[in-house]
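I have placed the structure first, in the form of structure tokens, so that the comments after it can refer back to it.
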Amino acid sequence: MDHSQAPVLDALAAYHAEGQTPFTPPGHKQGRGADPRVRAVLGDAVFHSDILATSGLDDRMSSKGVLSEAQELMADAVGAEHTFFSTCGSSLSVKSAMLAVAGPYEKLLVGRDAHKSVVSGLVLAGIVPVWVDPTWDPELHLAHPPSADAFRAALAEHPDARGALVTTPTPYGTCSDLAAIAEACHERGVPLIVDEAWGAHLPFHPDLPTWAMDAGADVCVTSVHKMGSGLEQGSVFHLQGDLIKPEVLKSREDLLGTTSPSVLLYAALDGWRRQMVEHGRALYDDTLALAGTVRARIGDIHGMHVHGRDDFCGPGRAHDLDPLQITVDITGLSTTGYRIADRLRERHHVNMHLSDHRRTSAQLTHADDADSTEKLISALLDVATHAEELRPAEQMYVPDPGSLRLEQVMLPRDAYFGRVEHVPWDKAAGRVTAEMLTPYPPGIPAALPGERLDRDVLRYLREGVRAGMVVPDAADTEVRTVRVAVED
């Protein structure tokens, strides 16, 4: 296919060149109705490009096939058979994929380190989760993706499972052996869904971890806004093979998606695909070299250790590592990643990717250069030099990873929609949670609807909030009370 084309961008340019006059939404009418104070911040181009997808970008019959052509180009660029654009983020895309594989009261194997959007899909669909445990690192207090052997064992124990879902890379950059997991699934004749939200860049350079389609996955969900050049909420999901019908996947997306998709997001997805096909290899040659330099320089800062393959990969750990996720262990500074991240923003206007009780991390992409990374390194050096100002940090209880694994005793949907009450956190042990309790980022629930709470998890969350952890989806974000099921 001719990847010099960008159908969405070309159609948008034609819309402007033709002087189209809309008597349709959006109501700002090319920005004419927008408050000048808003336009001063957002710019006129945002409003000029905010048009309807039908009776705007294309005609009312979509006869020019603008969107379908753009999706076909995206599929060709990454070697998928079908690609669908989503303007509701990968949170919607992964739900669509789940509903294309399993329905109410049907089993789906799910890595327990799944994002909260996966749990939302379980709640909405009434799917029965069969949890596959991650690979725990008890020394680093970190979860890597589940192993292929763990999925194979779960498939043997639950032969009626309709499919499997794994999250890889993790927000820390660690990756599964996807080829082995896909093989285990296909031996049983069931599809593999990969939540590869952090892997939009993986198809475009051979020195990056193997991406899902090349590894044999059936569906891959990717957040182009995370590691690509998409706008926030710009997501794509790819399909190959014959275990999931494309019309079924599209139907599930129609069921959940918006009827008012953003042409702005479509245009950015379309332009990013062209950019990567034409320049992705060279861009990531430079980015990978830059990441190596940044890793080495941060590693030379007193009190900081940059996690690499030696820490994260090998037997009993992760299969591979994306080097663009730069995870820095700061335990040598006797403070927390939360305090480090807050100081970097307040004093240096540097925003980190994610932080926990002992780490902070920076995400590099093809957009970074020597100037942006110099700001990062200088800021980290200054924080390390003045680390005494961040002590003493609030002490946080971090139990053994095995103690954080709760028992699923109710269907997530039943717990979420059933009778509930709020109880003090220190009285909630033994109760079944009716809500997600999710440290964010990275957005992986510590407790989810239907799991029986224990004191270790409750203490971890409560002390975590005092230390700087954010739990935004809890009814009580301070976790002083917990929403629990009323059991008969």
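The values are calculated or read from the model by the stated rules, or taken from the named source; none is laboratory data. Here the structure is a predicted model, which means the values were calculated and not measured. Every residue, glycine as well, gets a Cβ built from its backbone with ideal geometry; the counts of neighbours run over all protein chains shown.
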Output for segment 193-218, where each listed residue is touching a Pro at 6+ places or on another chain (Cβ under 7 Å) and aliphatic (A, V, I, L, M):
Leu202
I need the full set of residues from segment 210-219 which are more than 15 Å from Met98 (Cα to Cα) and surrounded by 24 or more Cβ atoms within 10 Å (Cβ to Cβ), in order please.
Trp211, Ala212, Met213
If the requirement is being in the same structural domain as Gly292 (by TED's automatic domain parsing), at pLDDT 95 or above and part of a helix (DSSP H, G or I), which of these qualifies: Ala379, Ala367?
Ala379
Within segment 126-134, can one find any residue that is farther than 24 Å from Thr433 by Cα, aromatic (Phe, Trp, Tyr) and either assigned by TED's automatic domain parsing to the domain that holds Gly443 or touching a residue at least 40 places away in the same chain (Cβ under 8 Å) (or both)?
no
Only residues that are surrounded by 24 or more Cβ atoms within 10 Å (Cβ to Cβ), assigned to a helix (DSSP H, G or I) and within 19 Å of the chain's Cα centre (by Cα): list them for segment 96-118, please.
Ser96, Ala97, Met98, Val118
Output the number of residues of segment 199-217 satisfying the condition of being part of a loop (DSSP other than H, G, I, E, B) and either small (Gly, Ala, Ser) or in contact with a helix residue (DSSP H, G or I) (Cβ under 8 Å, 6 or more places away or on another chain) (or both).
11
So which residues in segment 322-332 are outside any loop (DSSP other than H, G, I, E, B) and acidic (Asp, Glu), if there are any at all?
Asp329
Do you know which residues across segment 72-95 are surrounded by 24 or more Cβ atoms within 10 Å (Cβ to Cβ) and within 16 Å of Asp10 (Cα to Cα)?
Met74
Can you tell me how many residues in segment 226-245 are in a helix (DSSP H, G or I) and either basic (Lys, Arg) or closer than 21 Å to His48 by Cα (or both)?
1
Go through segment 265-290 and count every residue that is hydrophobic (A, V, I, L, M, F, W, C) and touching a strand residue (DSSP E or B) at 6+ places or on another chain (Cβ under 7 Å).
1
The number of residues in segment 342-368 that are surrounded by fewer than 15 Cβ atoms within 10 Å (Cβ to Cβ) and polar (S, T, N, Q) is 1
Per the list (1) assigned to a helix (DSSP H, G or I); (2) touching a residue at least 12 places away in the same chain (Cβ under 8 Å), residue check on Ser372 breaks on (2)
What pairs come up if the first residue lies in segment 1-23 and is in the same structural domain as Glu72 (by TED's automatic domain parsing) and loosely packed, with under 13 Cβ neighbours inside 10 Å, the second is in a helix (DSSP H, G or I) and at pLDDT below 95, and their beta carbons are under 9 Å apart, counting only those six or more places apart or on different chains?
none
Within segment 119-140, of all residues that are among the hydrophobic types (A, V, I, L, M, F, W, C) and closer than 27 Å to Leu231 by Cβ, the one surrounded by the fewest Cβ atoms within 10 Å (Cβ to Cβ) is Leu124
Subset of segment 246-272 [without any contact (Cβ under 8 Å) to a residue 24 or more places away in the chain and either in a loop (DSSP other than H, G, I, E, B) or not assigned by TED's automatic domain parsing to the domain that holds Ala102 (or both)]
Thr259
Among the residues of segment 273-321, write down those that are without any contact (Cβ under 8 Å) to a residue 12 or more places away in the chain and either assigned to a loop (DSSP other than H, G, I, E, B) or within 25 Å of Ser229 (Cβ to Cβ) (or both).
His279, Ala282, Ala289, Asp300, Gly314, Pro315
Which residue, of Leu448, Leu453, is within 25 Å of Trp198 (Cα to Cα) and in contact (Cβ under 8 Å) with a residue 24 or more places away in the chain?
Leu448
Taking Glu389, is it surrounded by fewer than 21 Cβ atoms within 10 Å (Cβ to Cβ), more than 22 Å from the chain's Cα centre (by Cα) and in a loop (DSSP other than H, G, I, E, B)?
no
